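Peer 1: Okay, handing you the structure first.
The values are calculated or read from the model by the stated rules, or taken from the named source; none is laboratory data. Bear in mind that the values here come from a model prediction, so they are computed numbers and not experimental data. FYI the Cβ positions are ideal-geometry reconstructions off the backbone, even for glycines, and counts take in every protein chain you see.
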Amino acid sequence: MALIKSISGIRGTIGGKPGDSLTPIDIVKFASAYGTWLRRRGRGPLRVVTGRDARVSGPMVAALVNSSLRSVGIDVIDAGLATTPTVEVAVTGLGAGGGIILTASHNPAQWNALKLLNEDGEFLSDADGREVLALAEAEDFDYVTYDRLGTETGDDSWTEKHIRMVTGMTLTDCDAIRKAGFTVAVDAVSSVGGIAIPALLRALGVRKVIELYCEPTGLFPHNPEPLPEHLSDISRTVKESGAHLGFVVDPDVDRLAIICEDGSMFGEEYTLVSVADYVLSHVKGPTVSNMSSTRALRDVTESHGCSYTSAPVGEVNVVAEMKRTGAVIGGEGNGGVIYPALHYGRDALAGIALFLTHLAKQGVRCSELRKKYPDYYIAKKKIDLPGRIEMEELREKLFMAYPEADCDTRDGIKLDLPTGWVQIRKSNTEPIMRIYAEERTMEQAEKLAADVTVIVKNL
């Protein structure tokens, strides 16, 4: 059992003891703290949009969250089964004071989570998140009397509205997509992507949609994180069906992976790279990705005569850097595309529309488009955290091993090397240490990651 509290929300496994996992008591405490924070903040209407992915625990968690919000005098608009970006655009579309998304994203089925949004439909800042955490820890809640309870209404129209927003984007070319006559396969891992993505593809003008695991049962047919080792079914489906490409989303549809026509992986790191290439060919401006993302985005950005900057891992950090620099496109190398012309949130629907337009206009196969971009390879390692890691001691040992490196300590420790980089950081969502290394070949990346893993373990 596990329970992880962070500035962006609370995440844990269902069942077990309060404080050790995501129990009803923990859900009520955290939702009450968020509602209380919203009331005391006094910045927007006391109205919150909630929505959930298709996890089996979702209806139970939603009932607890909605009731807890009402108990502190917050009106609830329940969007029902909805993607994370759909809830984000619903917050601003409805003029709500905030939002709560009930999803554990890429975590397995036994997990669920509460992700917290502000009135802009964006994840809470560090300071705001800490205030909510403090209220929850102190159990400092403002429960109201019976005559001031909040109301609850349902509004399941936002998936359709979100699709209309995406098809209406200036850089979405439905005519080009329609003329391309695409056949597209979709793996929605039996969650809300099964509702949103096929509908989006048809609205974009895709000729034929092949649906794989699109019934939103919440019974994930494979590990829900869209990594190559979990995508053998759709890879085979794309190749055997003669589809032009395949799309894979995670349970809450903020990450997008792409399968080429030959069944090969486009590479989730290259989802953002390719979309940025398309956007920058029409609108010049800065780009941003997190520090764990491929250097290929920097290379492509500079090829368009534009500037690239990095941000610490976490959507809220990427968004802050995008706003600071006026970035026209950004996101994370895990397949998360943030297109500010639509909204400041990772959005697989926006990513699909922009990618399909790009592919249609290029007039090439998906695998050929991938070959257009520079090759980098990222090796990813995980280490369980049995205790505290002394980061200063680790930094000194890494400097001894790699004296030629430039060091960035904004998010863990990142060493920039002549041909690659390595980053060591604690996960925000799991009790582990992540070690990512990128080089121009996978062999070099694996060796770099392995060498640094040994240094970490020998602390």
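Peer 1: Starting from the range 147-164, keep only residues that are in contact (Cβ under 8 Å) with a residue 12 or more places away in the chain, then list their pairs with residues that are surrounded by 13 or more Cβ atoms within 10 Å (Cβ to Cβ) and of a type in the set (S, T, Y) whose Cβ atoms are within a distance under 7 Å, requiring at least 6 positions of separation or different chains.
Peer 2: L149/S71; W158/T86; T159/T86; H162/T86
Peer 1: Residue by residue through the range 402-435, note down the ones that are among the hydrophobic types (A, V, I, L, M, F, W, C) and not in a strand (DSSP E or B).
Peer 2: Scanning the range 402-435 gives A405, L417.
Peer 1: Moving on. Name every residue in the range 174-200 that is of a type outside the set (A, V, I, L, M, F, W, C), farther than 12 Å from I210 by Cβ and buried (at least 22 other Cβ atoms within 10 Å of the Cβ), in order of residue number.
Peer 2: Correct list: S190, S191, G193, G194.
Peer 1: Follow-up. Of these, E404, E390, which one is among the charged types (D, E, K, R) and either at pLDDT 90 or above or in contact with an Asp or Glu (Cβ under 7 Å, 6 or more places away or on another chain) (or both)?
Peer 2: Matching residue, one of E404, E390: E404.
Peer 1: Test of understanding: among V253, V238, V206, which residue is in contact (Cβ under 8 Å) with a residue 60 or more places away in the chain, over 18 Å from the mean Cα position of the chain (by Cα) and buried (at least 20 other Cβ atoms within 10 Å of the Cβ)?
Peer 2: The conditions single out V206.
Peer 1: Now for a separate question. What are the pairs, 6+ residues apart or on separate chains, where a residue within the range 403-420 that is of a type in the set (S, T, Y) has its Cβ under 9 Å from a residue that is modelled with pLDDT of 95 or more?
Peer 2: As it stands, the answer is T419/E439; T419/R440; T419/Q444, since those pairs meet every condition given.
Peer 1: State all residues of the range 431-459 that are of a type in the set (S, T, Y) and closer than 30 Å to I10 by Cβ; if no residue qualifies, say none.
Peer 2: Hits for the range 431-459 are Y436, T453.
Peer 1: Do we have P224 as in contact with a Lys or Arg (Cβ under 6 Å, 6 or more places away or on another chain) and either under 24 Å from A360 (Cα atoms) or assigned by TED's automatic domain parsing to the domain that holds V184 (or both) here?
Peer 2: No; evaluated as a whole, the condition is false for this residue.
Peer 1: Considering only residues that are part of a helix (DSSP H, G or I) and within 19 Å of S292 (Cα to Cα), which ones fall in the range 360-398?
Peer 2: M391, L394, R395, L398
Peer 1: Looking at the range 16-67 only, could you name the residues that are assigned to a strand (DSSP E or B) and of a type in the set (D, E, K, R)?
Peer 2: Passing the criteria: R47, R52.
Peer 1: Continuing with this model, one more query. Among the residues of the range 337-368, what is the count of those that are crowded, with 23+ Cβ neighbours inside 10 Å and of a type in the set (G, A, S)?
Peer 2: Adding up the residues that qualify gives 5.
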